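The values are calculated or read from the model by the stated rules, or taken from the named source; none is laboratory data. Here the structure is a predicted model, which means the values were calculated and not measured. Please note: Cβ atoms are built from the backbone with ideal geometry, for glycine as well, and neighbour counts cover all protein chains shown. Protein only, heavy atoms only, side chains kept; ligands, DNA and RNA dropped before computing areas. Shrake-Rupley method; radii C 1.70, N 1.55, O 1.52, S 1.80 Å.
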Amino acid sequence: MTSDFFMSIQQDLLDLDELFNFSDLSTFTQNIPVEWIESALRLSSKATIRRRRLPSEQVLWLVLGMALFRDEPVHEVARRLNVCAQGLASDSLLARSGVTEARKRLGADPVKWLFRQTGDVWAKERHKGDDWHGLQVMAVDGAVLRTQDTPELRDHFGSGNTSTNRQTPYPMMRLVALMNVRSHILLDAQLSPYRRSEMTLADSFLAQIPDHSVTLFDKGFWSAHLMLSLNRTGTDRHWLTPARKNIVSTEVERYGADDRRIEMKVSPQARKKHPELPSVWQAREIRYTTNGKEKVLLTSLPIDTYPANAVVALYRERWEIELGFRDIKSSMQSNALTLRSKTVDLVYQEVWGLLLSYNLIRREAALAAAEFNRSPSDMRFKPVCQYIAVQLIIMANATPVSGAGRRLSELRSGIGGLFLERRSRPGSPRTVKMSKTRYPV
């Protein structure tokens, strides 16, 4: 009987973990429904009914915390955020090897599924000033992330060649993303070894692009198959991209001095790969001059609804996805040279967690901006990211725990003070200063 009594006391103490459950105190769970978490965790590679100090739902929050505290070891992230199912996290409860094993049990698939679920729902939400002539504005672009230099990672991800035909110092992962330009939330992303084509990865985004939208592409994504497939599927879906040099075309109709419709041939290679493509296809061509250089845009946007000057101004917003990649690499990763994980599955898990954390921060910023009747693009990402990280530490160690609800309600109002200052641009062009060098000029 004495043994049963002590076992009962021990179980009651374990049940007190609800008071210190990070997932109950986190701003993350304000945005992510419990049903999404349950669906994601069903994809875990190693399901278990054993009661662990780091169960899967806690490891999921740990992966998100890793994205906010790049300069800290993973076990320190767990301690700071109090990620533990048996009370306050400490070295006595969480061994360093145990944290790594817990990440391996979770795998990458649950984090990947959860990221895509948030992107599919959140990126299609409408916010103040998020449309252009009645269309949502999307953008597609790619980036490269370096991994640790291990034989396993180099064999899987590969690397690029240098000017001397030597391999680059680190293996590289290719990332291609689809972003809502106005809210900066990622609808979807594809991760792959370095040698895979960005254009091939972008093909998978076509089904994710919403109706009544215009998608901005870099010229590296120029493809008759990609553009025609986007235009012909869905409802009122358009594209806009710079023209490649030396494109052979024939004028079909002239709209203005710098605005016309052209016809181009589809290459035999493209038709062999995609037999459904026509032999010729048409697009609208717009020419404009910036900094003394002539630029050419090609688009499916019709002349009767979208004037040329508005289309030219719109394409400048493609830079917003570049800023999104900068926010991920600089603000969240602290310009780290490589990712921190050392196995293939954990590298994918880390990056999916990074993208999911980015979306969570962006959505929290968008909701905060809405409360102040401002646009999501008015929010400053880096201060918001740092503010949320600090508040997570405070809430995870809140005393009393009952005050966590009040702190969560104050979080968004605090974020609302982190708006960009829209300063007027200088009237004269900026000068480029000579970079410093150790050698005499």
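Report the label-to-label distance for Trp36 and His274 in nanometres (one decimal), using points 7 Å from each Cα along the Cα→Cβ vector.
According to this spin-label approximation, the distance is 3.1 nm.
Roughly how much of Lys104 is accessible, in Å² to the nearest 10, using a 1.4 Å probe?
Here the accessible area works out near 80 Å².
According to a simple spin-label model (label point 7 Å from Cα along Cα-to-Cβ), what is the distance in nm between Asn309 and Glu371?
4.0
Using a simple spin-label model with points 7 Å from Cα along the Cα→Cβ vector, what separation in nm is obtained for Glu263 and His225?
2.4
Treating only the Cβ atoms of Lys and Arg (+1) and Asp and Glu (-1) as charged, compute the dipole magnitude of the stretch 172-264 about its Cα centre; round to the nearest 20 debye.
Value, rounded to 20: 320 debye.
Roughly how much of Arg362 is accessible, in Å² to the nearest 10, using a 1.4 Å probe?
10
Based on the alpha carbon coordinates of the stretch 137-227, what radius of gyration and maximum Cα-Cα distance (Dmax) apply, in Å?
15.0, 47
Suppose the chain between Ala336 and Gln167 were pulled fully straight at 0.36 nm per residue; how much longer would it get relative to their current alpha carbon spacing?
Gain on stretching Ala336 to Gln167: 58.8 nm.
Which FRET efficiency value, to the nearest 0.05, do you get for Lys104 and Lys128 by plugging their Cβ-Cβ distance into 1/(1 + (r/R0)^6) with R0 = 41 Å?
Here the calculated transfer efficiency is 0.45.
If you scale each eigenvalue of the Cα gyration tensor by 5 and take the root, what three semi-axes come out for the stretch 161-281, rounded to whole angstrom and sorted largest first?
Three semi-axes, in Å: 28, 21, 15.
Which ³J(HN,Hα) values, rounded to whole Hz and listed in residue order, are derived for the stretch 280-289 from phi using the Karplus coefficients 6.51, -1.76 and 1.60 in 6.51 cos²θ - 1.76 cosθ + 1.60 with θ = phi - 60°, glycine and proline given as x?
In residue order, the calculated couplings are 9, 8, 10, 8, 8, 10, 10, 10, 8, 10 Hz.
Over all directions, how big on average is the projection of the convex hull of the alpha-carbon atoms in the stretch 221-267, in square nanometres?
4.1
Once you've got the Cα coordinates, tell me which of Lys104/Lys342; Lys128/Lys329; Lys219/Lys293; Lys112/Lys342; Lys219/Lys245 are over 20 Å apart.
Pairs exceeding 20 Å: Lys128/Lys329.
Per-residue accessible area for Glu251 at 1.4 Å probe radius, Å² rounded to 10?
Approximately 80 Å² of Glu251 is accessible to the 1.4 Å probe.
Can you give me the three principal axis dimensions of the stretch 136-189 from its C-alpha atoms, in Å, biggest first?
Principal-axis extents of the Cα atoms in the stretch 136-189, largest first: 43, 24, 12 Å.
Have a look at the DSSP beta bridges in the stretch 216-324 and tell me what percent are antiparallel, nearest 5.
Expressed as a percentage, antiparallel bridges in the stretch 216-324 total about 95.
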